[in-house]
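The values are calculated or read from the model by the stated rules, or taken from the named source; none is laboratory data. Since the model is a prediction, treat every value here as computed from it, not as a measurement. Because the Cβ atoms are built from the backbone with ideal geometry, glycine has one as well, and the counts that use them run over all protein chains shown.
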Amino acid sequence: MDLNSFRSERTGPDFSNATVSSVPSRLLESLKFDPRNSPTSHFSTHFDTDNLTPCFDSQEQYSSTDNISSNSTLDSHLIRSAGSFVQNLNYNRHVRNALQELETALMAPDDEEVTTSKPFLAEHSESRGRGPRSMASNQESQESHSHQSQESHNSRFGNTRNEPNPAGCRRDMEDFALQGTPPNNLRQLLIACALALSNHKIDEFEKLVVYARSIVSVIGEPIQRLGAYMIEGLVARKELSGTNIYRALKCDNPDSKDLLSYMHILYEICPYLKFGHMAANGAIAEACKNEDHIHIIDFQIAQGTQWMTLLQALAARPGGAPHVRITGIDDPVSQHARGGGLAAIRARFAAVSEKFNIPIEFHAVPVYAADITRAMLNVRPGEALVVNFPLQLHHTPDESVDVSNPRDGLLRMIKSLSPTVVTLVEQESNTNTAPFVQRFIEALDFYTAMFESIDVTIARDRKERIKVEEHCLARDIVNIIACEGRERVERHELLGKWRLRFMMAGFRQFPLSSYVNSVIRGLLKQYSEHYTLLETDGAMLLGWKDRYLVSASAWY
């Protein structure tokens, strides 16, 4: 998933009427969240666990390399099970016949249920290679787009009804070995699809995909919803169209105001980025508590939201506010989310500077983080240098993609600047160098937990939830599954691997504040009892049930 989506907030055009409550006297107290305290808009990152309420009424895997071996054993068992699953299909004549008949029925041009169930990525591929039938389906979809209902729009991702297969297919499926598969077995079917594709058993893969598409649903259980996106990622990988689709999804994002709305929903219903902001700001506040000149280099400035509470806290220091410079590194994705350039962020910082009487300079660097050079950062002597990597460093390729190893090179360059503190927030997942099938299983487990955490806060049939998962998560799922080489930019690593990289670059760990830890625990109580928080060697991990999803650490 692209958790950078969480960093975006709606930017209001007028800051003059913004209301801000008095700043607490204690530096870290002002890191608490209160949605009423934003100096800019109701899209807030303040943290007041006494006042926070969820937006909607609702009902580990591993965190370091220490636990990889046990999970590898489990994954090996799952792969063997899935392999056996595939092998049985090869020798089951009734199954193969039923699948062929099902495929024929699903492709029938006169079946209304089928014509509205075009895979969601098909419309983005320029060369699907499916002949006139595919072209006709695309044309039908485009003609109906302007007046389609929510149900027909969402059927692109699989079934949108919790109903049996169409009557014509149901009879054919009665002898099918997987007929009636409950959703919790869909995981095994998805792994079987990935194995078939990995082993170049294309006929087998296509038959499995036909069946999988009949049981996934964008209004179903979390695994069914995720399955809809993962199946299309597999199809894109098979047709070598992953890169084109990934780029198309970036270009075809909704209007910025709609995209901001979807991002805000995700931001509010899940605490992942709030956790990252609190952990990073707490470390920065502690490291810079006695500094008079602070330079913050943010490697994904987005809306600049993270810095509002910190700036207010710095302004309230008993000895007076320090001079703060912020260098914001930007990319086209953030620009689209904002609906334009960096002028809105500059205006936001100017409003905070005037309101709280704190001197703030803002310097924009509109390039991708991997292209940053030392000269672009304009580091000045006498400043306390802060570097922030918010769910971004995994986009910089490493030695597995480029022999020059830009990822470690960037860390070494940052270390040469002698920073006071470097903050790192990353997805806790192992999708960088893992082989395809293992990477597929890892993504399946990671996003299953993510979709489950969404599931408890917003109804499955809500249009907003469908849009959130489609526009904020689907693109990254496709990139992980369908792309390779430089085109695969979602290359997450576990906290243990990040530790090794930072240590090899010459960093030492800066322990995160136990006070911030306690505030985060209070925040999580406002969401769901299934969120878990772990302190480990000075870092923190936020998870859903037994799967950790986000790590936060600090370095100097």
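From the list Leu534, Leu523, Leu500, the one residue that fits, being surrounded by fewer than 19 Cβ atoms within 10 Å (Cβ to Cβ), part of a helix (DSSP H, G or I) and in the same structural domain as Leu424 (by TED's automatic domain parsing), is Leu500.
Listed by first and then second residue, the pairs linking a residue in the stretch 357-370 that is on the phi < 0 side of the Ramachandran plot to a residue that is among the basic types (Lys, Arg), with Cβ atoms under 7 Å apart and 6 or more places separating them unless they lie on different chains, are Glu361/Arg325; Phe362/Arg346; His363/Arg325.
Go through the residues of the stretch 399-421 one by one and say whether even a single one is assigned to a strand (DSSP E or B) and either outside the structural domain of Ile284 (by TED's automatic domain parsing) or of a type in the set (Ser, Thr, Tyr) (or both).
no
At pLDDT below 95 and buried (at least 16 other Cβ atoms within 10 Å of the Cβ): is that true of Ala370 in this structure?
yes
Take Glu286 and tell me if it is closer than 20 Å to Tyr556 by Cα and in the same structural domain as Pro511 (by TED's automatic domain parsing). Judged against the criteria, Glu286 is a match. Among the residues in the stretch 346-365, are any more than 24 Å from Ala321 (Cβ to Cβ) and either assigned to a loop (DSSP other than H, G, I, E, B) or not assigned by TED's automatic domain parsing to the domain that holds Ser416 (or both)? No, the stretch 346-365 contains no residue that is more than 24 Å from Ala321 (Cβ to Cβ) and either assigned to a loop (DSSP other than H, G, I, E, B) or not assigned by TED's automatic domain parsing to the domain that holds Ser416 (or both). In summary, Ala375 fulfils each of the numbered conditions (1) assigned to a helix (DSSP H, G or I); (2) modelled with pLDDT of 95 or more with the single exception of condition (2).
Scanning the stretch 438-464 for residues that are assigned to a helix (DSSP H, G or I) and either assigned by TED's automatic domain parsing to the domain that holds Ile219 or modelled with pLDDT under 90 (or both) yields a count of 2.
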